[in-house]
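Read-outs throughout are calculated quantities, based only on the coordinates presented, and are distinct from any laboratory measurement. Computed from a prediction, not measured in an experiment: that's the story for all the values here. Reconstructed Cβ throughout: ideal geometry from the backbone, glycine too, with neighbour counts over all protein chains shown.
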């Protein structure tokens, strides 16, 4: 699977793909055709062409895995510190709004850790640590449940 639960390839899958690239590199040295390599290794010809170009420019070392695509920008210790700051609430940090938004959390990360990241990165970070979005149920304190029920029963059908 291309994107596992945490995103990206697992370490085992990266090693597997690296072995395939090394096998392709050995075949490049023997002068094998791109189409034959792609068929034998069960990959696309485009991938084999990309690997061949890298092999020509950097040898077998160029076919090595470069590691995971995205490393977490915050360590587990930093995230624990972020959670403590989030528990204090936005007002403690000088914001009037009492809801944490991705923009506010992004600003908090930038201020606290000096790390600038995108809104999507903030969402992935929170999601990876088990956080989910919440939509607050805003109801007026003056809400009259009987008046609402009466309106739904009598007025709403006439409006529709």
> If the convex hull of the alpha-carbon atoms of the stretch 11-63 is projected onto planes in all directions, what is the mean projected area in square nanometres?
Replying inline: 3.3
> Taking the Cα atoms only, what angle lies between the long axis of helix 102-113 and the longest principal axis of the chain, rounded to 10 degrees?
Replying inline: 70
> Under a point spin-label approximation (7 Å from Cα along Cα-to-Cβ), what is the residue 134-residue 95 distance to one decimal in nm?
Replying inline: 1.4
> With each label point set 7 Å from Cα along the Cα-Cβ vector, what nm distance links residue 102 and residue 32?
Replying inline: 4.3
> Could you give the length gained on full extension between residue 143 and residue 88, defined as 0.36 nm per residue of separation minus the Cα-Cα distance, in nm?
Replying inline: 16.9 nm
> Roughly what would the spin-label model give for residue 18 and residue 62, points 7 Å off Cα along C-beta, in nm?
Replying inline: 1.9
>> For Cα extents along the principal axes in Å, pick the label among (1) 83, 46, 22; (2) 45, 43, 24; (3) 62, 49, 31 that corresponds to the value derived from the coordinates.
In response: (1)
> Per the helix-only calculation at 222 nm, which mean residue ellipticity applies to the chain, given -39500 (n - 2.57) for every DSSP H run of n ≥ 4 and division by its residues, nearest 500 deg cm²/dmol?
Replying inline: -18500 deg cm²/dmol
>> So if I restrict to the alpha-carbon atoms in the stretch 78-160, what is the Rg, and what is Dmax, the biggest pairwise distance, in Å?
In response: 19.4, 57
